[in-house]
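Every number in this text was worked out from the coordinates using simple rules, so none of it is lab data. Since this is a predicted model, take the numbers as computed values, not measurements. Note that each Cβ is placed from the backbone with ideal geometry, even for glycine, and that neighbours are counted across all protein chains shown.
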Amino acid sequence: MRAYLDYNATTPVDSAVLEAMLPFLADNFGNASSIHSSGQRSRAAVDRARGSVAKLLGAKPSEIVFTSGGTESDNLAIFGLTAAVAAKAAGARKHIITTAIEHHAVLNSCQELQRQGIDVTFVSVRSSGVVDPEDIRRALRSETILISVMHANNELGTIQPIEEIGCIAAEADVYFHSDAVQSAGKLALDVNQLGVDLLSISAHKIYGPKGVGALYVRTGIPLAPQSHGGHHERDRRRGTENVPGIVGLGKAAELAIENLQTDSEPISSLRDRLERSVLDLVPSAKVNGDTSRRLPNTSNLSFEAAGGEAMLIALDLLGVECATGAACSSGAVEPSHVLLAIGLSPDQARSSLRFSLGRQTTDEEINHAIAKIPEVIARLRALSPRSGAMVTAR
Ligand code: PLP
């Protein structure tokens, strides 16, 4: 028995997505920029997918730029916007606001801009893992050009007050980007309601293929392309389009729209059962992050005196797949920057696991996880030199 509880890292490709993609990996191989019939078939498929992604986001098709995934979308938003503003106001001081719990695709992009001489404020978040919009307001300066705040956190699942921050950005006349890689397909997304100018999504988090994503760019928002070549994607992202991937993203977007209402409840009730059982069965286990503003599929739990990497490996051997820290940085020994940012000690952060469920998660998988997690933690705690202190402190 295997329980795959790592949907925030990636999701399986839906069979309908695979079916939609296959013709474009075989007979329909034309380059979407070619004038002939094969090319036009690919162009039509790319246009259809653009329409589906636009519909998912409440955007216009012309506002969708296909990319190689969430990381590139975040990079294009942050570097593209900053470069375009810099080109208009050369020499003027520039400032960006983001938060301490962003994905590394945003954090490291902002750190790179800092090295290039742009001021960046990394706003801290409350211990609940939610940013206070007033802290964003307080960080504003006359030279602020961009606010970038993620919609839902990949580790905690906490949902940020994007609409409120959108209002603050609009009042201050500052551009606003949101990384919605984890919220797409799990929460209703409407770029106008959220008040964002730029928004990133990724196909492989919504039952689509890896290596393809999109950036929503509101009409009229300045964006300097970050690659040079032909005139693809209206000069905003150059390079021959990944037609099968884009078709897959389009189909995944259609399924996300169809399943949005029905996915959430069964997934959250499985997540809640897992969480309640583990909290009952494992002494001093705790939930990290606000449970009232959370994605329906995510549970991040701390277990004192049981190392995350050891728990992960032991659980994997027993058929339970989950994550420690951000999946993208798994393998790195540093504790999760998100858990440190909400006030956990390095030891507590290292002793935390993320369980993330999805459309295919079954009752049996949850039963299996509930049976194995307490067993593994008890075994590791028995070996831990800190376990005695933990038991007496309880
Ligand atoms: N942003 C968030 C919040 C993510 O969770 C991830 C991936 O885990 C990314 C961006 C990067 O997306 P991709 O894997 O498509 O590059």
Shape descriptors of the chain over alpha-carbon atoms, Rg and Dmax in angstrom, are 21.7, 75
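Give me the extension gain from Ala16 to Ala188: residue separation times 0.36 nm, minus the current Cα-Cα distance, reported in nm with one decimal. Mind dumping the intermediate values first?
Working: separation 172, 0.36 × 172 = 61.92 nm, distance 2.14 nm.
Result: 59.8 nm gained on full extension.
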Least to most buried among Arg236, Arg137, Arg379, by other C-beta atoms within 10 Å and fewest first, runs Arg379, Arg137, Arg236
Determine which lysines satisfy two conditions relative to Lys186: a Cα distance under 17 Å, and not lying fewer than 8 residues away in the same chain. Lys55, Lys205, Lys251
To test your reading of the geometry: what angle, between 0 and 90 degrees and rounded to tens, separates the Cα axis of helix 243-281 from the longest principal axis of the chain? 20 degrees
Tell me the angle of helix 162-172 to the major Cα principal axis of the chain, expressed in degrees between 0 and 90 and rounded to the nearest ten. 50 degrees
Which angle from 0 to 90°, rounded to the nearest 10, does the C-alpha axis of helix 15-25 make with the longest principal axis of the chain? 40 degrees
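What does the helix-only formula give at 222 nm for the chain: each DSSP H stretch with n ≥ 4 adding -39500 (n - 2.57), the total divided by the residues, and the result rounded to the nearest 500 deg cm²/dmol? Walk me through the numbers on the way to the answer.
Details: 13 runs with 172 residues, N = 394.
It comes out at -14000 deg cm²/dmol, rounded to the nearest 500.
So what is the diffusion coefficient of the stretch 209-317 in µm² per second by Stokes-Einstein at 10 °C and 1.306 mPa s, using a Kirkwood Rh over Cα pairs? It would help to have the intermediate numbers written out before the result.
Working: Rh = 18.4 Å.
After rounding, the answer is 86 µm²/s.
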Sorted by average packing, counted as other Cβ atoms within 10 angstrom per residue and highest first, what order do 216-225, 24-33, 97-106, 279-288 take? 97-106, 216-225, 279-288, 24-33
